[in-house]
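Novice: A single structure is presented below for examination.
Read the figures in this text as sums done on the coordinates, not as results from a lab. Just so it is clear, the model here is predicted, and its values are computed rather than measured. All Cβ positions, glycine included, derive from the backbone under ideal geometry; neighbour counts span all protein chains shown.
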Amino acid sequence: MNAKPHAASAGYSAQEWALRVDLAAAYRLVALFGWDDLVFTHLSARIPGPEHHFLINPYGHMFEEITASSLVKIDLHGNKLDDSPHPVNPAGFIIHSCVHAAREDAQCVMHIHSINGIAVSAQQQGLLPLSQQSTLVLSSLAYHDYEGLALNEDEKPRLVRDLGDKTFLMLRNHGLLTAARSVADAFLALYVFEAACMIQVRALAGDRALTLVPQPIVDGMQAQAMQVTRGLGGALVWPGLLRRLQRVNPGYDS
């Protein structure tokens, strides 16, 4: 998205401000869709450039309140790099930092504690090929076993190993994570991931025999998804999502 000039953008490069606007919008969209967990979990984005600087939420702010200018700039260790008056939660960046460090393509990492996502993450078989949404996820899905709150640095290599080059990561007994080249791509992936989990929870609650999607169809879904989005990925839906956000919760771009 090309952000409109705004008084709050003074002091930021055009690239950084555009990224701030998109990430703030993503936080508010997560709240709008009901995937937030009060002030917990994070969405992070890497600022373009050689420095490994990132944007993350001001700790203690509700997701629906976050603005482009309130996002905090941090380094790979979660230390603040600007004079923001807002605190950050360094421990909360443990998961994000290792993904960003290991994956050059992971400009944006989104992690949520959605109810449906956690429910499926606790099911031994994980995500099942029950829906079109699930096949999109299963074509690039990894799992990481629960190790308690993400506080330990030594968990990082195991998380990176488990994620590999995948877009979707199911954190067992914990939640969902997506990693992508843009905020728009990461958000679209998160939407599909959560939808797949919601459908599975409802399907299993029906207590009836289920029809699984055959594996050959799952194997071809990435190519089909490229056709459906005309190669645009999240950029196809992002402008519409921003228009929706402007109608119901404007101000994210301030």
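Novice: With contacts defined as alpha carbon pairs under 8 Å and 6 or more residues apart, what's the relative contact order of the chain in percent?
Specialist: Normalised by residue count, the contact order of the chain is 22 percent.
Novice: Here is a follow-up. Restricting to DSSP H runs of at least four residues, report the calculated mean residue ellipticity at 222 nm for the chain, -39500 (n - 2.57) per run over all residues, nearest 500 deg cm²/dmol.
Specialist: -11500 deg cm²/dmol
Novice: Among DSSP bridges having both ends in the chain, what percentage is antiparallel? Round to the nearest 5.
Specialist: 85
Novice: If you don't mind, there's one more thing I want to ask. Provide, as a two-decimal number, the C-alpha radius of gyration of region 53-161 over 2.2 N^0.38 Å, N being how many residues it has.
Specialist: 1.21
Novice: Then there is this: Around H53, under 13 Å between beta carbons, what's the net of Lys plus Arg minus Asp minus Glu among the other residues? Please list the in-between numbers first.
Specialist: Numbers: positive: R20, R46, K73, K80; negative: E16, E51, D75, D82.
That sum, taken over residues with Cβ under 13 Å, equals 0.
Novice: Run the numbers for L38 and Q123: contour at 0.36 nm per residue of separation, minus the present Cα-Cα distance, in nm.
Specialist: Result: 28.2 nm gained on full extension.
Novice: So what is log10(I(q)/I(0)) for the chain at q = 0.15, 0.18 1/Å, when the Debye sum runs over its Cα atoms only?
Specialist: With no solvent term, the Cα-only Debye profile gives -1.06, -1.50.
Novice: Relative to the longest principal Cα axis of the chain, at what angle does helix 183-205 sit, 0 to 90 degrees, rounded to 10?
Specialist: Helix 183-205 sits roughly 30 degrees off the main axis of the chain.
Novice: Something else now. Search the structure for amide H atoms under 5 Å from the amide H of Y143, placed 1.01 Å from N in the peptide plane, and list their residues when 5 or more places away or on another chain.
Specialist: Those qualifying (amide H under 5 Å, at least 5 residues apart or on another chain) are M170.
Novice: Show me, for region 155-163, the HN-Hα J-couplings you get by feeding each phi into the Karplus relation (A = 6.51, B = -1.76, C = 1.60, θ = phi - 60°), rounded to Hz, glycine and proline as x.
Specialist: So the Karplus estimates, Gly and Pro as x, are 7, 4, x, 6, 5, 5, 4, 5, 5 Hz.
Novice: Toward the positive end of the charge dipole of the chain, about the Cα centre and with charges on Cβ (Lys, Arg +1; Asp, Glu -1), which of F63, A18, G234 goes farthest?
Specialist: About the Cα centre, the residue reaching furthest to the positive side is G234.
Novice: Another question, if that's okay. With axes computed from alpha carbons, what is the tilt in degrees of helix 238-248 against the longest principal axis of the chain, rounded to the nearest 10 within 0 to 90?
Specialist: 70
Novice: Which whole-number percent gives the relative contact order of region 33-177, counting Cα pairs below 8 Å spaced six or more residues apart?
Specialist: 23
Novice: For region 134-191, give me the percentage of DSSP beta bridges that are antiparallel, rounded to the nearest 5 percent.
Specialist: The antiparallel fraction comes to roughly 50 percent.
Novice: Using θ = phi - 60° and the Karplus curve 6.51 cos²θ - 1.76 cosθ + 1.60, what whole-Hz ³J(HN,Hα) does each residue of region 65-72 get, with Gly and Pro shown as x?
Specialist: For region 65-72, the Karplus-derived couplings read 9, 5, 10, 4, 7, 7, 4, 9 Hz, x marking Gly and Pro.
Novice: Let me ask something else. Quick one: what are the phi-derived ³J(HN,Hα) couplings along region 121-126, Karplus 6.51/-1.76/1.60 with θ = phi - 60°, whole Hz, x for glycine and proline?
Specialist: The phi angles translate into 5, 8, 7, 4, 7, x Hz.
Novice: Can you grab the distance from the C-alpha centre of region 96-111 to the C-alpha centre of region 200-215, Å, no decimals?
Specialist: Region 96-111 and region 200-215 have Cα centres separated by 32 Å.
Novice: Along Cα→Cβ, 7 Å out, is where each label goes; now give me the distance between the ones at Q132 and N173 in nm to one decimal.
Specialist: A separation of 3.6 nm, rounded to one decimal place.
Novice: Now, a different point. Taking the chain as the reference, fit the longest principal axis to its C-alpha atoms, fit the long axis of helix 14-32 to the helix C-alpha atoms, and give the angle between the two in degrees, 0 to 90, nearest 10.
Specialist: Compared with the principal axis, the helix lies near 50 degrees.
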